[in-house]
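S.K.: Attaching a single structure in structure tokens format; questions to follow.
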Amino acid sequence: MQQLNLPDEMKVTINFDGKDIPVSAKLFKPLVYQEGNFICVVLGPDPIEGVYGCRPTAEEALKDWDRHLKDRINNLNKDDEVTQFVMDKLSGPLDEIK
């Protein structure tokens with residue numbers, strides 16, 4: 001799976017070990033970046049094909065991203081490269097991130 005990469009000045013540093021970080025974000029460490037007044041999170045090649053969340057704060061954006069990831073897993077499409085990457089990386093039961 002191709003991961004979006006952006007210039008360093010757009011990237012937001014996140015402590016993925018923080019207590020309020022969703023388990024899924026700790027596991028996948030998606031790209032977190034600033035776009036205007038919003039913090040955006042993406043796992044995948046871009047916001048359209050990837051799993052994407054965007055909100056005014058990093059905490060809200062990560063929770064939004066986590067909701068979208070769960071939706072993708074629950075609506076599994078075998079032709080979806082990003083979801084397949086997620087499923088391949090999961091070694092335990094899906095309940096851990098659902």
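The values are calculated or read from the model by the stated rules, or taken from the named source; none is laboratory data. This is a predicted model, so every value here is computed, not measured. Here Cβ is always computed from backbone atoms with ideal geometry, including for glycine, and neighbour counts include all displayed protein chains. We work out accessible area using only protein heavy atoms, side chains counted, and drop any ligands, DNA or RNA first. Shrake-Rupley method; radii C 1.70, N 1.55, O 1.52, S 1.80 Å.
S.K.: Restricting attention to the stretch 15-31, which residues are closer than 18 Å to residue 47 by Cβ and of a type in the set (A, V, I, L, M)?
M.R.: 25, 31
S.K.: Would you mind finding the one in 27, 4 that is open to solvent by less than 70 Å² (accessible area, probe 1.4 Å) and at pLDDT below 95?
M.R.: Values: 4 fails: at pLDDT below 95.
Going through 27, 4 in turn, the sole match is 27.
S.K.: Tell me the residue from 16, 38 that is of a type in the set (Phe, Trp, Tyr) and open to solvent by 70 Å² or more (accessible area, probe 1.4 Å), please. Even if it seems obvious, please write down each step before you answer.
M.R.: Values: 16 fails: open to solvent by 70 Å² or more (accessible area, probe 1.4 Å).
On inspection, the qualifying residue turns out to be 38.
S.K.: Now a separate question. Select from the stretch 41-57 the residues that are closer than 18 Å to residue 4 by Cα and open to solvent by less than 70 Å² (accessible area, probe 1.4 Å) and list them in ascending order.
M.R.: In the first step, residues of the stretch 41-57 are kept if they are closer than 18 Å to residue 4 by Cα; the result is 41-54.
Selection gives 41, 42, 43, 44, 45, 46, 47, 50, 51, 52, 53, 54.
S.K.: What strands (runs of 3 or more DSSP E), lying completely within the stretch 1-92, carry at least 3 residues that are touching a His at 6+ places or on another chain (Cβ under 9 Å)?
M.R.: On the way: elements: 31-35, 38-43, 51-55.
By residue number, 51-55.
S.K.: Of the conditions (1) open to solvent by 40 Å² or more (accessible area, probe 1.4 Å); (2) out of contact with any helix residue (DSSP H, G or I) (no Cβ under 6 Å at 6 or more places or on another chain), residue 82 satisfies every one except a single condition; which number is it?
M.R.: So the condition that residue 82 fails would be (1).
S.K.: List every residue pair whose Cβ atoms lie under 8 Å apart, where the two residues are 6 or more positions apart in sequence or sit on different chains, the first residue falls within the stretch 55-76 and is among the aromatic types (Phe, Trp, Tyr), and the second residue, located anywhere, is surrounded by fewer than 17 Cβ atoms within 10 Å (Cβ to Cβ).
M.R.: Hits for this filter: zero, empty list.
S.K.: Output the qualifying pairs, or none if there are none: Cβ atoms under 6 angstrom, residues six or more apart or on different chains, first residue in the stretch 9-32 and over 21 Å from residue 89 (Cβ atoms), second residue buried (at least 18 other Cβ atoms within 10 Å of the Cβ) and hydroxyl-bearing (Ser, Thr, Tyr).
M.R.: Once the first residue is over 21 Å from residue 89 (Cβ atoms) and sits in the stretch 9-32, its partners that are buried (at least 18 other Cβ atoms within 10 Å of the Cβ) and hydroxyl-bearing (Ser, Thr, Tyr) give 10/33; 11/33; 12/33.
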